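Participant: Before I ask anything, let me first share the structure, which is written out below as structure tokens.
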Amino acid sequence: MTAQATLTLAALAFALLVTSGALNARRGIGRWSLVPWDYVMMLSALALIALAAHAAVLWRDGGFG
């Protein structure tokens with residue numbers, strides 16, 4: 001995976017983490033309350049950690065330059 005793809009997916013995972021955090025705070029209001037936002041937050045946080053590790057490997061191997 002390229003550096004640009006890694007950074008794009010990391011930005012998407014971060015946006016999903018922030019969005020699911022905001023929607024988790026509004027639990028019980030509307031039809032979107034049926035989605036288990038805490039699990040979405042955990043999965044997006046794990047994806048963000050994995051993508052940060054992948055970015056570190058790319059940085060070490062010179063993939064950003």
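The values are calculated or read from the model by the stated rules, or taken from the named source; none is laboratory data. The model shown is predicted, which means the values in this text are computed figures rather than measured ones. Cβ: placed from backbone, ideal geometry, glycine included. Neighbour counts: every protein chain shown. Keep in mind that these areas ignore ligands, DNA and RNA; they rest on the heavy atoms of the full protein, side chains included. Shrake-Rupley method; radii C 1.70, N 1.55, O 1.52, S 1.80 Å.
Participant: How about the chain: which chymotrypsin sites (Phe, Trp or Tyr not before Pro) there are in a DSSP loop, with at most 15 other Cβ atoms within 10 Å of their Cβ?
Facilitator: When the chymotrypsin sites (Phe, Trp or Tyr not before Pro) of the chain are filtered for loop state and at most 15 Cβ neighbours within 10 Å, Phe64 remain.
Participant: Ignoring ligands, DNA and RNA, please state the percent of accessible area on the chain from carbon and sulfur, probe 1.4 Å.
Facilitator: Using a 1.4 Å probe with all protein chains present, the chain comes out at 72 percent carbon and sulfur.
Participant: Separation between the Ala3 and Ala50 pseudo-spin-labels, each 7 Å from Cα along Cα→Cβ, expressed in nm?
Facilitator: That separation, rounded to one decimal, is 2.3 nm.
Participant: Multiplying the sequence separation of Arg60 and Asp38 by 0.36 nm and subtracting their Cα-Cα distance, what value in nm do you get?
Facilitator: So the chain would gain 4.6 nm between Arg60 and Asp38.
Participant: Here's a follow-up. Which of the following values of percent of Cα pairs over 17 Å apart was calculated from the structure shown: (i) 47; (ii) 66; (iii) 31?
Facilitator: (i)
Participant: Working from Cα positions, state the angle (0 to 90°, nearest 10) between the long axis of helix 3-25 and the longest principal axis of the chain.
Facilitator: So the inclination is approximately 20 degrees.
Participant: Show that you can apply the helix-only estimate: for the chain, add -39,500 (n - 2.57) for every DSSP H stretch of four or more residues, divide by all residues, and state [θ] at 222 nm to the nearest 500.
Facilitator: -26000 deg cm²/dmol
Participant: Hey, what's the range 6-54 come to in accessible area per residue, 1.4 Å probe, Å²?
Facilitator: Normalised by residue count, the accessible surface of the range 6-54 is 69 Å².
Participant: Shifting gears a bit: Check each of the trypsin sites (Lys or Arg not before Pro) in the range 19-65 and keep only those in coil by DSSP with at most 16 other C-beta atoms within 10 angstrom; list them in order.
Facilitator: Arg26, Arg27
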